[in-house]
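**Student:** For reference, the structure I am asking about is given below.
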Amino acid sequence: LFDGIDSCGSRCSPDCLTCDYTSDTCTSCHPGSILSDAKCIECPLGCSECAIGENDQFCTKCLDGFYKTLSNKCESCDQSCATCDGSGEENCKLCSPGYFAAHNYGSSFDYDIKCRKCDYTGSSYGTKGIENCALCESECPETGSCTFKCTKCADGFYLEDQKCIGCSDKCKVC
């Protein structure tokens, strides 16, 4: 049994995680591939796990940043979502870096979450970001208000008391 490392002077093919008899007779595959007739076949884009059906492959599990459709394909989440369970910003489960979770007060449920940019200040209600904030964190309980915390300001600004303040022109490094 070859284990992907030199064994009796031979190595597994790059497609195989482990192999037997010859370097291209795969016995297991790298994550994101599936074993079929001793060959490793790459799963479709966005799939972390897949299976082989009658006519083609289908996804059984998607990578972070993708969601599984009813036709068992993995589609990209909205750019504001790190993980999601459907298309659009209203289906985020976790927000991408540079975004924060805020209640979606336009919906029929107060606990619906929408991911907004860290520097979002446009709404007169709900959680707001901070002007010139580049990275942030938030928590949204099912009831009550979301909390917001800026963790890094945009270039040319520094963080002080949850405000991004512009650097002086005299500073070499801010």
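The values are calculated or read from the model by the stated rules, or taken from the named source; none is laboratory data. In this text, all values refer to a predicted model and were calculated from it rather than measured experimentally. Using ideal geometry, Cβ is built from the backbone for each residue, glycine included, and neighbour counts are taken over all protein chains shown. Just so you know, the surface numbers come from the protein's heavy atoms only, side chains and all, with ligands and any DNA or RNA stripped out. Shrake-Rupley method; radii C 1.70, N 1.55, O 1.52, S 1.80 Å.
**Student:** Quick check on this structure: which one of D15, D37 is modelled with pLDDT of 90 or more, farther than 27 Å from T83 by Cβ, buried (at least 16 other Cβ atoms within 10 Å of the Cβ) and not hydrophobic (A, V, I, L, M, F, W, C)?
**Tutor:** Values: D37 fails: buried (at least 16 other Cβ atoms within 10 Å of the Cβ).
Just one listed residue meets the conditions, D15.
**Student:** I'd like the full set of residues that are closer than 24 Å to T69 by Cβ and part of a loop (DSSP other than H, G, I, E, B), limited to region 16-58.
**Tutor:** Within region 16-58, P31, G32, C43, P44, L45, G46, G53, E54, N55, D56 meet the criteria.
**Student:** Test E89 against the criterion of being more than 21 Å from I113 (Cβ to Cβ) and either open to solvent by 80 Å² or more (accessible area, probe 1.4 Å) or at pLDDT below 95 (or both), and give yes or no. Please lay out each step first, then the result.
**Tutor:** Working: more than 21 Å from I113 (Cβ to Cβ): no; either open to solvent by 80 Å² or more (accessible area, probe 1.4 Å) or at pLDDT below 95 (or both): yes.
No; evaluated as a whole, the condition is false for this residue.
**Student:** Inside region 144-174, can you point out the residues that are farther than 15 Å from Y99 by Cβ, of a type in the set (V, I, T) and either modelled with pLDDT of 80 or more or under 24 Å from the mean Cα position of the chain (by Cα) (or both)? Let's see the steps before the verdict.
**Tutor:** Narrowing region 144-174 to residues farther than 15 Å from Y99 by Cβ: 144-145, 153, 155-174.
If we keep only those that are of a type in the set (V, I, T) too, we end up with 165, 173.
Listed by number, the list holds a single entry, I165.
**Student:** Being modelled with pLDDT under 90 and either surrounded by 15 or more Cβ atoms within 10 Å (Cβ to Cβ) or hydrophobic (A, V, I, L, M, F, W, C) (or both) is true for just one of C26, C8. Which residue is that?
**Tutor:** Values: C26 fails: modelled with pLDDT under 90.
Being modelled with pLDDT under 90 and either surrounded by 15 or more Cβ atoms within 10 Å (Cβ to Cβ) or hydrophobic (A, V, I, L, M, F, W, C) (or both) holds for just one of C26, C8, which is C8.
**Student:** Take the residues of region 72-95 that are touching a Leu at 6+ places or on another chain (Cβ under 9 Å) and hydrophobic (A, V, I, L, M, F, W, C): which is farthest from K61 (Cα to Cα)?
**Tutor:** C81
**Student:** K114 is checked against (1) crowded, with 20+ Cβ neighbours inside 10 Å; (2) modelled with pLDDT under 80; (3) more than 30 Å from C43 (Cβ to Cβ) and fails just one. What number does that condition carry?
**Tutor:** Every listed condition holds for K114 apart from (2).
**Student:** If you don't mind, there's one more thing I want to ask. Does T83 satisfy the criteria of being over 9 Å from the mean Cα position of the chain (by Cα) and without any contact (Cβ under 8 Å) to a residue 40 or more places away in the chain?
**Tutor:** On the way: over 9 Å from the mean Cα position of the chain (by Cα): no; without any contact (Cβ under 8 Å) to a residue 40 or more places away in the chain: yes.
Considered against the rule, which asks whether it is over 9 Å from the mean Cα position of the chain (by Cα) and without any contact (Cβ under 8 Å) to a residue 40 or more places away in the chain, T83 comes out as no.
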